[in-house]
Amino acid sequence: MKNQAYRMAMLYDFYGDLLTSRQKEFYDLYYNDDLSLAEIAENYGITRQGVRDIIVRAERSLEDIEEKTGLIQRYHRTRAATKIIRQVCTQLQELNQNRLRDNDLDDLTIQLNDAIEELERE
């Protein structure tokens, strides 16, 4: 269940603006405000099934968009790659400090760290 909730939150964060205003509102109430289908239905004067249908359509839309664009998958791959690059950069810095003491290598690792930070901000 936690993985599903995380996935739904990621989908909404990436693509939520592409939903209709009603889909966004119900999706947000259900997933972020943790209201039940019955509570949302009561607040909006519609049936529980009507709320469920809107949320299911929103979920399906978000899943379809991700399937076509793959942005979330790319985001996770990029995060994993930058983590590895950061670890290698740290190892290079330690190697340089302990053995090589090369100023050019220091400058390169600083540039590499700056580039990693830029990637992580995106």
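The values are calculated or read from the model by the stated rules, or taken from the named source; none is laboratory data. Here the structure is a predicted model, which is why all the values come from computation and not from measurement. Neighbour counts run over all protein chains shown; Cβ positions are idealised from the backbone, glycine included. The area values use the complete protein model at the heavy-atom level, side chains included, leaving out ligands, DNA and RNA. Shrake-Rupley method; radii C 1.70, N 1.55, O 1.52, S 1.80 Å.
As a check on your grasp of the helix formula, calculate [θ] at 222 nm for the chain: sum -39500 (n - 2.57) over DSSP H runs of n ≥ 4, divide by the residue count, round to the nearest 500. Walk me through the numbers before you get to the answer.
Working: 6 runs with 95 residues, N = 122.
Value at 222 nm, helices only: -26000 deg cm²/dmol.
As I understand it, the dipole of the chain uses +1 on the Cβ of Lys and Arg and -1 on the Cβ of Asp and Glu, about the Cα centre. Which of L112, L29, T90 lies farthest toward its positive end?
L29
Per residue, how large is the accessible surface of segment 1-114? Use a 1.4 angstrom probe and give square angstrom. Intermediate results must be reported in sequence, preceding the final value.
Details: 8080 Å² over 114 residues.
In whole numbers, segment 1-114 has 71 Å² accessible per residue.
With charges set only on the Cβ (+1 for Lys and Arg, -1 for Asp and Glu), what does the dipole of the chain come to about its Cα centre, in debye to the nearest 20? Before the final figure, lay out each step's value.
Numbers: 17 positive and 24 negative charges, 102 e Å.
About 480 debye.
Please report the carbon-and-sulfur percent of the accessible area for the chain; probe 1.4 Å, protein heavy atoms only, DNA, RNA and ligands left out. Working shown, then result.
Values: 4260 of 8780 Å².
Carbon with sulfur: 48 percent of the solvent-accessible area.
For the chain, how big is Rg over Rh, using alpha carbon atoms and the Kirkwood form of Rh? Present the calculation step by step, with values, prior to reporting the outcome.
On the way: Rg = 22.1 Å, Rh = 17.5 Å.
Computed over Cα atoms, the ratio is 1.26.
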